[in-house]
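Read through the structure below, which is laid out as C-alpha cells, and then see the notes.
Every number here is computed from the coordinates shown, using simple stated rules; none is lab data. Not measured: the values here are computed from a predicted model. A quick note on method: Cβ atoms are made from the backbone with ideal geometry, for glycine too, and the neighbour counts reach across all protein chains shown.
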Amino acid sequence: MPIQHPELIGLALSALEQSNPCPPLRRDNLPAEVNSFVGREQESDHLLALLTNARLLTLTGPGGIGKTRLGLHLASRARGEYADGVWLAEFGPLNNGTLVVHAVASVLGVKTGAAGATRERLRVLIRDRHLLLLFDNCEHLIDACAELAESMLRVSPGLRILATSREPLRVPGEVRWPVPPLSVPESEIGAFERLESAEAVRLFVDRARAIHAGFELSDKAMPVVAQICRRLDGIPLAIELAATHVAVSSLDQIVASLDDRFVVLRGGSRTAPAPGDDPRLRIGVSRGQRHGRASSFAACCLPSRAGRTRRTGRGAGPAASSLAART
C-alpha cells in the first residue's frame, strides 16, 4: 500500500530529530572506567579542593601505588569545573623529551611541527582558556615535563595541571601529594566489619568478584584475605594481580604463592604489559625480605630518575573532540 502524504512523514522525522538532538561534543579525552574505583574517598575530596587553588598538583609515589588511577578519578570528577575541558596527555609510551610538547599539542588539537613552533602555538591556544591537563607518567621525561608545565602555567592563568610521577616536577607553584598505600587491617584477627572496611580488602574483594562471580568473603576467608592484603602492603596493583588468581587457586594457595612474587605477577589481563615489560613492576627488594620474612612486592617499584626507561602503554591518540577544533 503506498505511503500517504510522505511530506508529513518528513516533517515528523524532522521534528523528532530536533526534539532529540545529538549529544554535544565531549570536552575531554578521558578513558571510560572499566572497573570501579575503590577507596581513597577522603583523599579524593581533599585533592579536588586543592586543585581549586593549586596551579600544579603532582601525585607522587612508587610504581603500582595507584597514581594514574587516582589522577584519572580526580580528572573525571572535575569535568564540570573547567569550561574548556579536561585533557589527558600520556607520556608513558614516549622515550624522548622532545616528544612531550607534541603529545600535549596532539591532545589539544594543535598542529605539530618544529618543537619551538608547536610550543608557541600551544601557548597561544591556552592563553585565555580554563582547562585541566593531566600529565601522566612524567618520571622518565621529568625535565621536559617540568619545563613545559612551567611555560604553560606562566601564560595561562586559567590552566591547572594534575601530574603523576615517581618524583616531583620541582617547578614554582607545585603542590606535591605522596600517594599512600591503601589502608590494610592491623592484623588478621578482629571483627569482621573492621577487617572488611580496610581499603585493601575492599579492593581485593571487588576485583576477585569481577574474576569469579561466586567469590564470597566468609568468616573463614576474611583472615586469609586480610593476610594477603597485609603481605602486599596495601599496594593496589599487587592486590589486583593477586585477586586475578581466585578463579584457579584457593586463598591459601595465593598466600603461599606470595613467597614467589613472580607467580603472582603471572596471569591477569591479556592486554596488560608482561611483568618484565611493565615499569610499574620493576621490583626491588621488598621490606619483608630485608627483615627476614617472605613478603610481597611492596617496597617494590622503586622510583628512579637515572633509569628512565621506555614505558609501555597507550599513546596520546587524537581526542574525541580537541580543544583547538572547538575554537
Qualifying GluC sites (Glu not before Pro) in the stretch 189-257, DSSP loop, other Cβ atoms within 10 Å at most 15
216
Near the amide H of residue 56, under 5 Å away, which other amide H atoms are found, from residues 5 or more places off or on another chain, if H is placed in the peptide plane?
161, 175
Kirkwood Rh, angstrom, the stretch 24-180 [1 / mean 1/r, Cα pairs]:
15.6
